[in-house]
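Input: a single structure, listed below in structure tokens.
The values are calculated or read from the model by the stated rules, or taken from the named source; none is laboratory data. Quick caveat, the model's predicted, so the values are computed rather than measured. Because the Cβ atoms are built from the backbone with ideal geometry, glycine has one as well, and the counts that use them run over all protein chains shown. Each accessible area value is taken on the protein alone, full model and side chains, heavy atoms only, with ligands, DNA and RNA left out. Shrake-Rupley method; radii C 1.70, N 1.55, O 1.52, S 1.80 Å.
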Amino acid sequence: MTTTGVAGGRWRATVTPWGAVEPWDGSNSIDWFIAADDRWHRPQHETSTRQTLVDGTPVVETRVRIPSGDAVHRVYSVADAGGLTIIEVTNESTLPIAIAFTGGGLLSRRPPTSMAPQGIDLPADAAVFPVGHRSTLVVGRAHGAAGTSHAVLPDGLPGRDQVSRGWLAQTHRASRLQLPDAALVDAVTAARCELLLNGPAAGVDELGLDGDLVDLEDLDGLDPSTFVLAIAELVRMGDRASIWVPDVATQLERLARSGSQIDGGVIEAAARVLHAAGEHRAVDDLRRMKLPAHTTPVGAAADERLPTTPGLVPWWVERRLVVAGEHSARLMPGSFPQAWLGIDFEVHGLGVGLSSALSFAIRWHGDRPAVLWEVTGPPVTLSYAEWSTDLPSGEALWPPMTTRDATILTTEVAAAPDNRSFS
């Protein structure tokens, strides 16, 4: 399931795997049904229903097969007019169809048909709209207000492509990845969008009794390492680091008291947040704590499955590209995935050191990878296998690779309970 809403606003809803919109404020869900040439289609029960996120952003596209084409349903939210969730349905078939929405409170630019639907039992609040072939129907639901049923939808609203580009621009402030595996890139984008919408608690049930986001102090069960990594990701995307310092301190204290080993990436993420907040004494204190850190081998079997918790996903992907310490960074620490051999790729803005950023590209010369790199900020020592450099930029040719040298990268998402978390 995917969350829809506007970053900075309070209204949120879940988009189900078949495209229904379920607001978190307790208002009616918006479900949809298709009257095609053959019969009524219920997307929730159709075997042809499939769903994707546009470039990993909260622009949710759901397709249902109908005779001679697809009915394509898209959901996204905009900040205009106090906040709106937009639902588009495009008829990609060669025949006209009708779309029924249940839940009421819809805004549209044309009134629904007054003819009662035949062949299906729908609630009294159902609104039915005819949709010609190759045409698109657009309706919306206002955020935080009941609105007037079938009132006029404003003109000049951002389209789905503009909304998707806006989300990408925000997530790219953390880093921009162009990898051979597009699914990994989309997973990182989707996770970051969930964090922007739900904060570091993304991945747990964010609803309070009144439908608002719960107080973070109530989330005692949230894993402290995941919490720190989520905060670090939010800061990378533009959140003010200073507002998160008390929470980082609390989670570090929990980690210290646990006595268990901590992934070194969590410690470095906390240090970067504290440094960005100007808490240099706190960074020094963190170094003196000498928390029992480790770095799980990237190729370890238990570490192969893409996690479901949004705070972990960017870290999981980026640690396959670089593992950074206080003054050093190892590139491709687990070698290259087999599926990446011979394919050029590049990454921009990976966090290394306390305040440096690393960008690098891999270009293949036969079986030899060539690296081009640039470090901005304080100097960091880069290494790969036996190669290392202190130069802030340059290029080098690495040793030949074979499939025996490569790793197998599993991008399958681990199973997770059905809730409002990223999946």
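Points to keep in mind about this one:
- Relative to the longest principal axis of the Cα atoms of the chain, the long axis of helix 160-171 makes an angle of roughly 20 degrees.
- Residue-count net charge about Thr381 - beta-carbon cut-off 11 Å; Lys, Arg +1, Asp, Glu -1: -1
- Where Trp32, Trp244 fall by accessible area, highest first, once all protein chains stay in place (1.4 Å): Trp244, Trp32
- Separation between Cα centres of region 159-190 and region 346-381, rounded to whole Å: 20 Å
- Charge sum, other residues only, whose C-beta stays under 15 Å from Ile30's C-beta, Lys/Arg counted +1 and Asp/Glu -1: -1
- Summing +1 for each Lys or Arg and -1 for each Asp or Glu among the other residues whose beta-carbon sits under 13 angstrom from that of Ile343 gives -3.
- The listed residues His348, His143, His280 rank as His280, His348, His143 when sorted by accessible area, largest first, using a 1.4 Å probe.
- Fraction of alpha-carbon pairs over 23 Å apart in region 264-387 - percent: 36 percent
- Sites Arg287 and Leu122 - FRET efficiency at Förster radius 56 Å, r taken between beta-carbons, to 0.05: 0.35
- Here the relative contact order of the chain, from alpha carbon pairs under 8 Å that lie six or more residues apart, stands at 13 percent.
- Highest to lowest packing among 36-43, 270-277, scored as the average C-beta count within 10 Å: 270-277, 36-43
- Over region 294-408, accessible surface divided per residue gives 45 Å², non-protein components excluded, 1.4 Å probe.
- Apolar share of the accessible surface for the chain: 51 percent from carbon plus sulfur atoms, 1.4 Å probe.
- Site pair Ser114 and Leu157 shows an inter-label distance of 2.6 nm when each label is modelled 7 Å from Cα along Cα→Cβ.
- Cα-based shape type of region 1-103, given that a ≥ b ≥ c are square roots of the gyration tensor eigenvalues and the cut on a/c is 1.5: prolate
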